[in-house]
Amino acid sequence: MKRRLCRVVFAASAGLCVLALAGGVAVAQQEEDEGIVFEEDPVQDDGQQADPDIEMGEGDPDVEMGEGDPDIEMEGGQPDLEADLAALDESEDSEAAAAQLSAETRVSWQDIVVVVRKPFLKLRRIEVMPITGITMNDNLIQHIQFGGSLNYYLTDVLSVGLEGFAYVKNLRDPFDLVAFQARRLPAVNQYNYSAALNFGYVPVYGKFAVLDDYIIHWEAALSGGVGFTQSEVIPRNPALEPFTNFLITPNVGASMRFFLTKFLTLNVGVRDYIFIDKFEAAGRTEFDGDAAKDQAVSALINNVMFQAGVSFWWPMSFEYTTFR
């Protein structure tokens, strides 16, 4: 009897344990089903990345799975602020680079003029200049010179050239006044011709406006050289024979040049011809000129001439070889 009762109690206990285990498994399965969330599918059939963290429920027919739907809220994904800022900076840099490239395309060095180029170039050009001049510092005898110069410009500021002149004398009023008042004739010489080899340098270049309508370009030049001059004694007694002197003549000068066209310029300047001349001696009695020359008196002369001329340039045009 006791054995049967024990078997019944044991069977009942086993049945209750089985029922309890079955109930626990069912509850656990239900909770697991409620917590199921579909994870992100890394690759779809068309190569596009699937939308992450979207719950897929059978009872939710209103959710459309569109690739271009920006309004779907993503669960579990956090926005990356640093990545967004970096992308924004890259976009701004790209726009700035594109704007700079566009500006460089529209504007070049040819469109920017900082300093206006010189309107006249002299490099490797020849200057032919007819010149006339007049004495500035002799009150007894005046000379008018006619001649010209030929210059070649090694650079735009350095030149080398030749000049030659013939002279016409003019005795001035003080010459006769001294003869009448002092009862004696002064010793004077006339100049016949001269020539020189000169070197020039242009240190100053400028421009000025005329009546606010025209701009005149000009330059200042310094020059110096050496040559010769022939002078001739004017005898006090016209019956006596004159004699001539061959004089080594250094010269220095300064001038200004005004540019009119690409091949025409106007020039004015002052030049000092320096030499030691020989004059007829006082109380001369020798008729022969050579004998009188041996008795001549020497003196240092500064023959200062004011000169003006017009220059013609060859070639008549030029080309710029440097950037503006």
So, in the stretch 149-168, how many residues would count as being surrounded by fewer than 17 Cβ atoms within 10 Å (Cβ to Cβ) and part of a strand (DSSP E or B)? 8
Which residue is farthest from the chain's Cα centre (by Cα), if the candidates are limited to the stretch 173-216 and must be small (Gly, Ala, Ser) and surrounded by fewer than 17 Cβ atoms within 10 Å (Cβ to Cβ)? ALA182
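Filter the stretch 265-299 for residues that are among the β-branched types (Val, Ile, Thr) and buried (at least 18 other Cβ atoms within 10 Å of the Cβ) and give the result. First the steps, then the outcome.
In the first step, residues of the stretch 265-299 are kept if they are among the β-branched types (Val, Ile, Thr); the result is 265, 268, 270, 274, 276, 285, 297.
Across the stretch 265-299, the qualifying residue is only THR265.
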For the list (1) in contact with a Phe, Trp or Tyr (Cβ under 9 Å, 6 or more places away or on another chain); (2) surrounded by fewer than 14 Cβ atoms within 10 Å (Cβ to Cβ); (3) part of a strand (DSSP E or B), I need the number of the one condition that GLY224 fails. (2)
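How many of the residues making up the stretch 169-187 are in contact with a helix residue (DSSP H, G or I) (Cβ under 6 Å, 6 or more places away or on another chain) and either of a type in the set (A, V, I, L, M) or part of a helix (DSSP H, G or I) (or both)? Working first, answer last.
Filtering the stretch 169-187 for residues in contact with a helix residue (DSSP H, G or I) (Cβ under 6 Å, 6 or more places away or on another chain) gives 185-186.
Next, from what is left, pick out any that are either of a type in the set (A, V, I, L, M) or part of a helix (DSSP H, G or I) (or both): 185.
Within the stretch 169-187, residues that are in contact with a helix residue (DSSP H, G or I) (Cβ under 6 Å, 6 or more places away or on another chain) and either of a type in the set (A, V, I, L, M) or part of a helix (DSSP H, G or I) (or both) number 1.
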Since LYS293 meets every condition but one in (1) within 20 Å of TYR153 (Cα to Cα); (2) modelled with pLDDT of 90 or more; (3) in contact with a Phe, Trp or Tyr (Cβ under 7 Å, 6 or more places away or on another chain), which condition does it not meet? (1)
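Can you confirm whether GLU319 is in a loop (DSSP other than H, G, I, E, B) and in contact with a helix residue (DSSP H, G or I) (Cβ under 6 Å, 6 or more places away or on another chain)? Before the answer, list the steps.
Working: in a loop (DSSP other than H, G, I, E, B): yes; in contact with a helix residue (DSSP H, G or I) (Cβ under 6 Å, 6 or more places away or on another chain): no.
Against the criterion (in a loop (DSSP other than H, G, I, E, B) and in contact with a helix residue (DSSP H, G or I) (Cβ under 6 Å, 6 or more places away or on another chain)), GLU319 does not qualify.
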The stretch 265-288 - residue that is farther than 23 Å from SER194 by Cβ and at pLDDT 95 or above and, of those, farthest from the chain's Cα centre (by Cα): LEU266
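The values are calculated or read from the model by the stated rules, or taken from the named source; none is laboratory data. These numbers come from a predicted model, not from an experiment. As a convention, Cβ positions derive from the backbone with ideal geometry for all residues, glycine included, and neighbour counts pool all protein chains shown.
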